[in-house]
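Peer 1: Questions regarding the structure given below will be posed in turn.
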Amino acid sequence: MQNEFVPLFYGFHFYLFGLIALASAILFVTRKSPVAAALWLVQTMFALAALYIMMDAQFVGVMQILVYAGAIMVVFLFVIMLLNLGHPDEISDIRGTWGRVIAGLFGIALLAEVGAASRNALVPALQLPQAPTDGAINGTAGVIGPIAGPMFKEYLLAFELTSVLLLVAVIGAVVLGKKSSNAR
Amino acid sequence: MMNAQLPETGHPLADTVARFVWLLPLLPLLGFVINGALALGAVAKIGPDDPSAGHDHHDAHDHGSGHDDHGHGHGHGHGHGDHHPVRHEYAGIVSLVGPGVLLATFGLAVAMFLAMRGVNMEEPFVLQLFRWMPVGDLKINAAFQLDQLSMVMVLIITGIGSLIHIFSVGYMQDDPGYPRYFAYLNLFVFFMLLLVLGANYPLMFVGWEGVGLCSYLLIGFWFSEEANANAGKKAFIVNRIGDFGFLVAMFMLFANVGTLDYANMAEAAQKLPMGGAVITAICLFFFLGCTGKSAQIPLYVWLPDAMAGPTPVSALIHAATMVTAGVYLIARSSILFSMAPVASLTVALVGGLTALFAATIGLKQWDIKKVLAYSTVSQLGYMFVGVGVGAYTAGVFHLMTHAFFKALLFLGSGSVIFAMHRAYHATHNHDDAQDMRNMGGLKKFMPVTWGLMWIATLAIAGIPPFAGFFSKDEILGTVFARANAGPLSTATLLGVPGHVVLLTVYVIGLASALLTAIYMTRMMMYTFHGPNRTGEAERSHLAEAPWIMTGPLVVLGLLSAFGGWLNLPELLPIGPIGTLEHWLEPVVGVATARMAGSGEHVAVDTEWVLIGVAVAIAVIGMSVAFARLKPAALVQKSASPASEGFAKVLEHKYYVDEFYDDAIVQPVKGISTTVLWKGVDAGIIDGLFVNGSAAFTRALGWMGAQLQTGQVGTYAWVLVIGVLALLGAFTSGR
Amino acid sequence: MNSFLDSIGYNNWILPVLLLLPLAGALVVAALGMAAGKGADRKTPELRRLVLGIFTLEAVLSLGMWWSVNVGSADWQAGFAVPWIPAWGIRFAVGVDGISMTLILLTTLIMPLAVLGGWTSIREKVHSYYALLMVLTTGMLGVFMALDLMLFFVMWELMLVPMYLIIGVWGGQRRLYASLKFFLYTMTGSMLMLVGIIYLGTQAADIAGHPSFAYDQILHNAQLSPAAQLWLFGAFALAFAVKVPMFPFHTWLPDAHVEAPTAGSVILAAIMLKMGTFGFLRYALPLFPSAAMNPTVRALILTLAVVGIVYGALVALVQPDFKKLVAYSSVSHLGFVMLGIFALTPQSVQGALMVNLSHGVSTGALFLMIGMVYERRHTRLIADYGGIAKVMPVFATLLTVVCLSSIGVPGTNGFIGEFLVLIGAFRSQPVYAVIAATAVIFAAAYLLWALQRIIYNPLTKPENERLQDLNWREIGLLIPLIAAIIWMGVYPAPVLEKTSAAANRLITHVHQAGNMAGAGMMGEEIK
Amino acid sequence: MLAESLALSAALFAIGVVGVLTRRNAMIVFMCVELMLNAVNLSFVALSRLYGATGQVFVIFVMTVAAAEAAVGLAIVIAIFRHKKTVDLQNINLLRG
């Protein structure tokens, strides 16, 4: 992917998926129906997965599709169906005009502040180096090995803790979801 | 400590019996320990292992045991000295130990006295025992000082003390607290000896407070009556006001002179300017201590109440020994007082005023012991006049004669009360056994007591040749002499020239001598003369006390009659002249000379006139009393009308107690309760600050809780605002 | 004695052992309690004996310090130090001088008596109670021993928690209010102190920038400007003043005393109040001499001390509750200690130490005796008693002796301390000393009045007629205290000699270091 | 491409925020949170091209957390719905003390 031809082709697709992600995200927040919203979110995630793959993060991209779009969002949809929330209510759940305007202003303010922060190089890490690092260039960055390395060495403890977290989450979900007989 | 002499260093007394001076206080202490253990052992009933286990078990136990404890509860229901027929189980051994240790101490004291007479001693004999409070440059040792002054005091204390102990064997014989009584009495003698034998002021202070403590315990001996317990407490607290003065005086002395030992006081005190503010303040603070212990204005109020204790206690503590500690203190500090004429004038003036003031109250008291109590206050005033004008020997002399005749008077009144009590007890009458209106005509029932008490009365009134005449006359004579010459006459007290003050004191002295003669005669007449008012049934039970009680009276009678020979004036060469004066010369000589100044003795004929005036006044007083008082017109206390006018004021002691109560005690309690406790403590500190800050926190918390709506949406909004603000702050900060 | 102690290396191990023994005991007791489960309280008799044994062992072990500690030496005695948190320069360092040695002995001797005092009155959660008492002991001893400011702070807080629980769990009716008040009051003060300690630790850092909390290091190396000294002194003084307690930070004391169980009151009064004054002596004065000698600061503290003396006495006069009365009397007595410390003369400082000890003994005894009579009658109100000398003569006798000691009657320990404080204070601060001396009057008034209303007067209440006198256990536990009262009153010289060198060093140091604040005439008097 | 990625990430994040602020349906708010997580993931991945694969490791962790969160969160939603018959956040104030 390092040949001269790539930038145009690559750039086109990069912007394409970026715009898809952006558009479907906007559509996602504006849909009244939860089901529609969920589907637009899935769309966003697919677009993001494509971006990941384009950025040499193939493994993450696959995980994005499998875990996020495939598993998590399906659970969401499943719950929406289960609770029969598929039909938009007569009364919209969206806040009033002023709420939307202020929320929008907040969003813009947030973007502006992030932009200003990166321009002011407030966070030293945002002083971006001009050239990509070696690992990124040699094309091995996206494959599983470089990810698994630090994960099972440096971040072994964190990794093990995530397993505990997941266990806790599973138990918590079961306990919460169980229909308690003595519920009021 | 520089002058401190150990027995080895060749003091003339070092090889004599005087090296056992520590035994003097130790013996009574031993008596206290034994009697105290017996007292506690007799009444103690060890409780069960688990005190909170309930009372059921105890009930059965208590009824079964039949201990004499119930006697206690009942016995003191009405008045003191209620004579229970059962003698204490340890009465025998206590009667042996209690007076025994005192007699042994007296014997030892006499031996030391003889040893002391045998040597020529200018320096005091100081026996260092151990280091007591060695802190930095303050080096206070437990040390005893035996010199002429403390020897006299020791002899008075142990001598009179022995007699009173013996008397007590009879007086207290049926009291359930018999061993406790002797324990306290022994403890008192211990502290009193510590007071006079201590070689420095702090050690004297130990004795000073210790005797106060014993006085407290003995006044409240029959503690089941609130009045007695109150009187004891009052005595202690009022004394503490005086002790405050004593303490401050010691502080000033140490801060300015650097020592608290008597031994090098004379030389150390030279640092201070003569008559300066510091030495005057020191002396005045010491005198504040004296007004407490020796019951002078304004702190005399405790002594009359102290009569609530058993009568022998009144004789020993509140007449003969403890209350004279103030006089001893000034005699001991004569070096200091002679350097402060203003303080000395104050002493003399306060003493004179007290003498007069108390004498007037004594005129209208009905309780026989109260009369004697005010008489004691009055006579103590005399002693202070003596030591105030620098007649230290005369002051100590009067202290001694007063110890003789006042002990006799108290013990005599004790006999009377004993008899009255027995009579009332026999008929189950609950009338007042101490009120003179219930007495009268006791002469024919108790002739020995009557005779001896008349000797004492003549002595106190100042009729020659009884003891009191000599001592009183010497004091008055010196006052007159000092008014004419010497540093006192030239000093000024609050702008009033010294000689005016002293002449006033002289006149006051005469006036109170007159009053003394009157009230003493009144007491004798109402008690022993005229018709008997005790009651028909009781009369047959009135009788002289047993010999164990009258015996000591006889000895005291002899001393009261002939005690004056111990220090005869030059004018009356009927025996050795000025024995006591020569004896005390090494201790108070320098100070006396300084106070006398260059002034010559008063002319001989003037002196004769003075003596004549004094005697005439005493005779006039007694005659007036004889002429005006009508014992026959008296009726029993219960039938007596309340007095009117000034008599009522006198009978209520000028309402001084009431005044102190209203002006000091109640305000202090009131302010403490309402302002300090409820106001500052509970109101401001706890209310405003402590609970206030809690309320403030709670209010903040409530406000915070209002934000806590439970609406996730709201939280999200707040969160975003927070993030925006933080980011904004970081972005714009750069 | 000394050679024997040397032969067993006493000085090398005694301090850590004293600290660890109660801690180990606490673990054992807690484990026993857990093992016994629900029926634990039935095993109380055996447990009590075990606990008493541990405390007695502790006391016996500590007694050797009386001989082994060379009080004249300028070095810390029986020192022991190991690194604790090296990264922050915190060491586990302990050591004693004459001052802390006497206080340690007071602690170890009071503790068995406190256990005996609550022998039959603690009936619930006994295991936890004794475990807490032991932890508390470690905390208190640690405060006296610590030579590292962080260790000191940890110990300072360590004793707070058990006492909070003891009051809060085994206390009286309003125990929650009282324990919370106690906790918050003390905590407020000590948090500021923590800030001060951290600041000091950074100031005493070595060249490489490693902080050090070692006491000597801070004492000699910390360069503090006068302004910084003032602030730090304020932070430390607040923590200590609450603990002392000085007027106006005293209101936790009456509540805590009234609500605490007997042992709690005894420990609180006898030992924990000494922490405050000890803190002033060991930390606030020597570390910040120029602040301590600042005329304004000194006048403020002396004024508060004297106000506390008189105020405590006056308020004590009108208390209906005997425990409260004694609590306020503590305010008064501790005022004497503060007066003595800040008068800074040899007599006054040693007198202050003496008041510390004698207050520990006599007030401890007073609380024990209140506990005894409370156990029988279940009331602390003075008005509910009266005339009980008739039925409890032994109790009455002992109470009288203890009250006299508290009043400061000569011949008892109370007198020595007060006398020395006043005579010493008079040399440098005559006005304060004279005002303080009036307390001798008030002390007699409030205690004798209470005494009269409790043991004297007519026996009118039928409930009191059936009161039983003390049992042998109670008499036995009071006898050491009575003996100490008399001994320290009659022959205090040995105790005074134990503290004299340390006190003189302190005075010299503060006067020299704080010279700019105007040491005045006192400089040349210390030799 | 890096700057664009980060910009997109920021935009997606802002959209998520706006969604959280404007929506009251618990399910949608949840999904908005997921969107925000995804936006962060995008940053991680983008930056991992510069700094190495560690960023991707964190993406994995984030996903795990998101999965756990979804599990528990949805269980809570179900429990609440069972109780209140609604998922409208306005009607839910169990958090109120």
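Peer 1: Can you list residues from other chains, or at least 5 along the same chain, whose modelled amide H is less than 5 Å from the amide H of C:W84?
Peer 2: Residues meeting the criterion, in which the H sits 1.01 Å from N, are C:I90, C:R91, C:F92.
Peer 1: As a test, work out the antiparallel percent of DSSP beta bridges whose residues both lie in the protein assembly as shown, rounded to the nearest 5.
Peer 2: Working: 25 of 26 bridges.
Looking only at bridges with both residues in the protein assembly as shown, the antiparallel portion is about 95 percent.
Peer 1: Tell me, what is the percent relative contact order of the stretch D:2-84, built from C-alpha pairs under 8 Å that lie six or more residues apart?
Peer 2: Computed value for the stretch D:2-84: 28 percent relative contact order.
Peer 1: What FRET efficiency would be calculated for the residue pair C:W66, B:I46, taking the C-beta separation as r and a Förster radius of 35 Å, to the nearest 0.05?
Peer 2: 0.60
Peer 1: Sticking with this structure for a sec: Return the FRET efficiency for the residue pair C:A208, C:W84: r is the Cβ-Cβ distance, R0 is 25 Å, and the value is rounded to the nearest 0.05.
Peer 2: After rounding to 0.05, the efficiency reads 0.85.
Peer 1: Expressed as cubic angstrom per residue, what is the convex hull volume of the alpha carbon set of the stretch B:664-734?
Peer 2: Values: hull volume 6.9 nm³, N = 71.
In the stretch B:664-734, the Cα convex hull volume per residue is 96 Å³.
Peer 1: What is the average number of partner chain Cβ atoms found within 10 Å of a Cβ in C:319-326?
Peer 2: Mean number of neighbouring Cβ atoms from other chains: 1.
Peer 1: Averaged across C:419-430, how many Cβ atoms of other chains sit within 10 Å of each residue's Cβ atom?
Peer 2: The mean count of partner-chain Cβ atoms within 10 Å per residue comes to 5.
Peer 1: In deg cm²/dmol and to the nearest 500, what is the mean residue ellipticity at 222 nm of chain C if only DSSP H runs of at least 4 residues count, each as -39500 (n - 2.57), divided by the residue total? Kindly include the intermediate steps, with their values, before the conclusion.
Peer 2: On the way: 24 runs with 375 residues, N = 527.
It comes out at -23500 deg cm²/dmol, rounded to the nearest 500.
Peer 1: Cα-based Rg (one decimal) and Dmax (whole number) for the stretch B:484-610, in Å?
Peer 2: Taking only Cα atoms of the stretch B:484-610, I get Rg and Dmax of 22.1, 67 Å.
Peer 1: Sequence gap at least 6, Cα distance under 8 Å: using those rules, report the relative contact order of chain B to the nearest whole percent.
Peer 2: 12 percent
Peer 1: With r as the distance between the Cβ atoms of C:Q512 and B:A14 and R0 = 51 Å, compute the FRET efficiency 1/(1 + (r/R0)^6) and round to 0.05. Please report the intermediate quantities before stating the final value.
Peer 2: Details: r = 46 Å, r/R0 = 0.90.
So the FRET efficiency works out to roughly 0.65.
Peer 1: Going highest first, how would you order D:63-70, A:153-160 by mean Cβ packing within 10 Å?
Peer 2: Descending mean neighbour count gives D:63-70, A:153-160.
Peer 1: Could you order peptides C:60-68, C:466-474 by the average number of other Cβ atoms within 10 Å of their residues, highest first?
Peer 2: Details: C:60-68: 17.3, C:466-474: 19.4.
In descending order of packing, they fall as C:466-474, C:60-68.
Peer 1: Which order, highest average first, do C:337-343, B:592-598 follow once you tally other Cβ atoms within 10 Å for each residue and take the mean per peptide?
Peer 2: Answer by packing, highest mean first, reads C:337-343, B:592-598.
Peer 1: How long are the semi-axes of the equivalent ellipsoid of chain B, defined as square roots of 5 times the Cα gyration tensor eigenvalues? Whole Å, largest first. Walk me through the numbers on the way to the answer.
Peer 2: Values: eigenvalues 524, 274, 164 Å².
For chain B, the semi-axes come out at 51, 37, 29 Å.
Peer 1: Separate question: Note the direction-averaged projected area, equal to a quarter of the hull surface, for the Cα convex hull of the protein assembly as shown, in nm².
Peer 2: With the hull built on Cα positions only, its mean projection is 71.3 nm².
Peer 1: Averaged over peptide B:133-145, how many Cβ atoms belonging to another chain are found within 10 Å of each residue's Cβ?
Peer 2: 6
Peer 1: Moving to a separate point now. For chain B, find the longest principal axis of its Cα atoms and tell me its angle to the long axis of helix B:91-118, 0 to 90°, nearest 10.
Peer 2: For B:91-118 against chain B, the angle is about 70 degrees.
Peer 1: Say the cut-off is 24 Å between C-alpha atoms; which of C:K181/C:K243; C:K274/C:K323; B:K233/B:K364; A:K178/C:K38; B:K293/C:K498; B:K233/C:K390 go over it?
Peer 2: Violating the 24 Å Cα-Cα cut-off are B:K233/B:K364; A:K178/C:K38; B:K293/C:K498.
Peer 1: Once amide H atoms are placed 1.01 Å from N in the peptide plane, what residues at a sequence separation of 5 or more from B:W132, or on another chain, have their amide H within under 5 Å of its amide H?
Peer 2: Excluding prolines and chain starts, which carry no amide H, the hits are B:I140, B:N141, B:A142.
Peer 1: Ok, one more. For n ≥ 4 DSSP H runs only, could you compute -39500 (n - 2.57) per run for chain B, divide by its residues and tell me the 222 nm figure to the nearest 500?
Peer 2: -21000 deg cm²/dmol
Peer 1: Could you state the per residue volume, in Å³, of the convex hull enclosing the Cα atoms of the stretch D:2-84? Please list the in-between numbers first.
Peer 2: Values: hull volume 4.7 nm³, N = 83.
Here the figure is 56 Å³ per residue.
Peer 1: Same structure, new question: Counting only protein heavy atoms and rolling a 1.4 Å probe, how much accessible area do A and D lose on contact, total for both sides, in Å² to 100?
Peer 2: So the buried area, both faces added, is about 6200 Å².
Peer 1: Continuing with the same structure: With axes computed from alpha carbons, what is the tilt in degrees of helix B:368-388 against the longest principal axis of chain B, rounded to the nearest 10 within 0 to 90?
Peer 2: The angle comes out near 90 degrees.
Peer 1: Just going by the charge dipole of chain B, with Lys and Arg at +1 and Asp and Glu at -1 on Cβ, which of B:P487, B:A111, B:N141 is farthest out on the positive end?
Peer 2: Going by the charge dipole, the pick is B:P487.
Peer 1: Going by alpha carbons, how many degrees (0 to 90, nearest 10) lie between the helix axis of B:392-427 and the longest principal axis of chain B?
Peer 2: Here the helix axis deviates by roughly 80 degrees.
Peer 1: Continuing with the same structure: Using 7 Å Cα-to-Cβ label points, what is the A:L167/B:A682 separation (nm, one decimal)?
Peer 2: Taking the simple label geometry, A:L167 and B:A682 are separated by 5.9 nm.
Peer 1: Work through the residues other than C:K181 whose Cβ is under 11 Å from its Cβ and net out their charges, Lys, Arg +1 and Asp, Glu -1. Present the calculation step by step, with values, prior to reporting the outcome.
Peer 2: Details: positive: C:R174, C:R175; negative: B:D686, C:D255, C:E259.
Taking every Cβ under 11 Å from that of C:K181, the sum is -1.
Peer 1: Now for a separate question. Length gain on complete extension for the stretch B:L707 to B:E89, per 0.36 nm per residue less the alpha carbon to alpha carbon distance?
Peer 2: 214.4 nm is the gain from fully extending B:L707 to B:E89.
Peer 1: Using a cut-off of 12 Å between alpha-carbon atoms, which aspartates and glutamates can reach B:K637, once sequence neighbours fewer than 8 places away in the same chain are excluded?
Peer 2: Cα-Cα hits under 12 Å: B:D367, B:D431, B:D432, B:D435.
Peer 1: Say each of A:L105 and B:L494 gets a label point 7 Å from the Cα, pointing the same way as Cα to Cβ; how far apart are those two points in nm?
Peer 2: Rounded to a tenth, the inter-label distance reads 8.5 nm.
Peer 1: What is the dipole size for the stretch B:367-486, taken about its Cα centre, with +1 at each Lys and Arg Cβ and -1 at each Asp and Glu Cβ, in debye to the nearest 20?
Peer 2: For this selection, approximately 120 debye.
Peer 1: Pop a pseudo-label 7 angstrom from the Cα along the beta-carbon direction at both B:V665 and C:T303 and give the gap in nm to one decimal.
Peer 2: With each label placed 7 Å out from Cα toward Cβ, I get 3.4 nm.
Peer 1: Among residues other than B:M453 whose Cβ falls under 12 Å from its Cβ, what is the net charge (Lys/Arg +1, Asp/Glu -1)?
Peer 2: With Lys, Arg at +1 and Asp, Glu at -1, the net is +2.
Peer 1: Any of B:K271/B:K472; B:K443/B:K653; B:K234/B:K630 with alpha carbons more than 31 Å apart? Name them for me.
Peer 2: B:K271/B:K472; B:K234/B:K630
Peer 1: Counting Lys +1, Arg +1, Asp -1, Glu -1, what net charge surrounds C:Q452 among other residues with beta carbon under 11 Å of its beta carbon?
Peer 2: Computed value for this residue: +2.
The values are calculated or read from the model by the stated rules, or taken from the named source; none is laboratory data. Keep in mind that this is a model prediction, so the values were computed, not measured. Every residue, glycine as well, gets a Cβ built from its backbone with ideal geometry; the counts of neighbours run over all protein chains shown. The area values use the complete protein model at the heavy-atom level, side chains included, leaving out ligands, DNA and RNA. Shrake-Rupley method; radii C 1.70, N 1.55, O 1.52, S 1.80 Å.
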